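*Asks:* Mind having a look at this structure? Questions to follow.
Laboratory data are not the source of any read-out in this text; all were calculated from the coordinates shown. Note that the structure is predicted; figures quoted are calculated from it, not measured. All Cβ positions, glycine included, derive from the backbone under ideal geometry; neighbour counts span all protein chains shown.
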Amino acid sequence: MLDGNAAAGLLEELFGRDMTMSLSHCAHCGNQGALATSHAYVQAPGFILRCAICEAVMLRIVSTPDAYFVDARGMTNLRIPRYTA
Amino acid sequence: MAGAAVSGRLGGAPRQGAACPLVWQLATVTAIRPETPTVKTFTLTLPDWMPHRAGQHYDVRLTAPDGYQAQRSYSVASEPERTGEIDLTVERLEDGEVSTYLHDVLVPGDLVELRGPVGGYFVWEPGMGGPLLLVAGGSGVVPLMAMLRHRAARGARVPVRLLYSVRSPEQTIYAEELGHLDKTDPLLDVVYTYTRSQPKGWGGYARRIDRRMLDEVLATLDQMPLAYVCGPTLMVERTAEELVATGIPADRIRTERFGPTG
């Protein structure tokens, strides 16, 4: 199993900046943690990030030739720092 | 053989102009060096090289003739002071789609499609200070090695302890270089724990990382460290939990886990 560090490239592709330092709030258990620390599952037909504490799915990203499908129902919010080095 | 690695798999022209970590580029394999029986270091020359932060990784993508793609992330092992090229150290996983290709097929002169550097969490720069507690499990030592090489290249006087859990001396990556650093840098100590087999007369650790081991290593640092833990999931989780239990604030502990995705 991997963690959110492995999603850095894909997330930067979507958001245009590093997102691994962003804090996600799990909609299921309320845990807040850097996206880098979430659990990553990359072998599904898409990219899945799960909460490191309760394992609930927080983020699903599926890339197709003409679009990205992003399902972020599993997080109540994402705190993106204004500054990243 | 050269060039075969990417034949027929490019969707668009190679990028031109300013370096951008998100654009896929074609790197040339310039050297392949065995580190252990199952680990090799690939030196890659990049047309659009840009400096990385120690601990960052590159995404490597392989494309089959039918369009099927497999992508993996590999940590940069080299220091950013080495311009124009990077080292990726890769462990061969028996069922791996990408690592087996890199190990068994790739030869110098071949091209590899990659993008990076990416990642902003598991990184260290001298400005972040220290002391550093680096904890590695197996090939988890790779991004930590980039930090050690960066620190050495910058002449940063940050005390470091590297606790490296590895099955046996034969499976130790960078053994020679780490031995040299350990001997010549008074601020740096490398502590091994050999979990499967130990050299004759070994008086050091011979078990998985545990609380007592961490306490003993931490006792050699006189300030609260910045901790970086990289290795297999279970090792990373246990180590991070134990480090929190020793009183290190969670925000001074950074983790990177990997599992067998190959």
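*Asks:* Counting Lys and Arg as +1 and Asp and Glu as -1, each charge on the Cβ, what is the dipole of the stretch B:126-258 about the Cα centre in debye, to the nearest 20?
*Replies:* Once rounded to the nearest 20, the dipole reads 140 debye.
*Asks:* For chain A, which chymotrypsin sites (Phe, Trp or Tyr not before Pro) are both in a DSSP coil and crowded by at most 15 other Cβ atoms within 10 Å?
*Replies:* Values: sites: A:Phe15, A:Tyr41, A:Phe47, A:Tyr68, A:Phe69, A:Tyr83; in loops: A:Tyr83.
Hits after loop and neighbour filter: A:Tyr83.
*Asks:* Starting with the fewest neighbours, write out A:Asp3, A:Asp71 ranked by other beta-carbon atoms found within 10 Å of each beta-carbon.
*Replies:* Details: A:Asp3 26, A:Asp71 13.
With the sparsest Cβ surroundings first, the list reads A:Asp71, A:Asp3.
*Asks:* Still on this structure: Can you list the HN-Hα couplings for the stretch B:228-236, worked out from phi with the Karplus curve (6.51, -1.76, 1.60; θ = phi - 60°), rounded to whole Hz and with x for Gly and Pro?
*Replies:* 10, 10, 9, x, x, 3, 5, 4, 5
*Asks:* Also, quick follow-up: Which order results if B:Val98, B:Val229, B:Val39 are arranged by neighbouring Cβ count within 10 Å, fewest first?
*Replies:* Arranged by neighbour count, lowest to highest, B:Val98, B:Val229, B:Val39 become B:Val98, B:Val39, B:Val229.
*Asks:* Also: What's the local net charge at A:Met75, with K and R +1, D and E -1, over the other residues with C-beta under 13 Å away?
*Replies:* Its environment carries a net charge of +3.
*Asks:* Still on this model: Looking at the square roots a ≥ b ≥ c of the eigenvalues of the Cα gyration tensor of the stretch A:2-79, which shape do they give, rounded for a/c under 1.5, prolate if a/b is larger than b/c, or oblate?
*Replies:* prolate
*Asks:* Note the full-extension length gain between B:Glu216 and B:Asp95 as 0.36 nm times their separation in residues minus their Cα-Cα distance, in nm to one decimal.
*Replies:* This chain segment gains 39.8 nm when fully extended.
*Asks:* At 222 nm, what helix-only mean residue ellipticity would chain B give, in deg cm²/dmol to the nearest 500, using -39500 (n - 2.57) for each DSSP H run of four or more?
*Replies:* Calculated from helices alone, the mean residue ellipticity at 222 nm is -6000 deg cm²/dmol.
*Asks:* Rounded, prolate or oblate: which one fits the stretch B:4-118, using the alpha carbon gyration tensor with axes a ≥ b ≥ c (rounded when a/c is under 1.5, else prolate when a/b beats b/c, else oblate)?
*Replies:* Oblate shape, in that a/c is at least 1.5 and b/c is the bigger or equal ratio.
*Asks:* So, one more: Just how large is the dipole of chain B about the Cα centre, in debye to the nearest 20, putting +1 at every Lys and Arg Cβ and -1 at every Asp and Glu Cβ?
*Replies:* Taking the Cα centre of chain B as origin, the dipole is about 240 debye.
*Asks:* Could you work out the local net charge near B:Val190, counting Lys and Arg as +1, Asp and Glu as -1, over the other residues with Cβ closer than 15 Å to its Cβ? Let's see the in-between values first.
*Replies:* Working: positive: B:Arg149, B:Arg151, B:Arg161, B:Lys183; negative: B:Glu176, B:Glu177, B:Asp182, B:Asp185, B:Asp189, B:Glu216.
Charge balance in the 15 Å sphere: -2.
*Asks:* Going by the alpha-carbon gyration tensor, a ≥ b ≥ c the square roots of its eigenvalues, is chain B rounded (a/c under 1.5) or, if a/c is not under 1.5, prolate (a/b greater than b/c) versus oblate?
*Replies:* prolate
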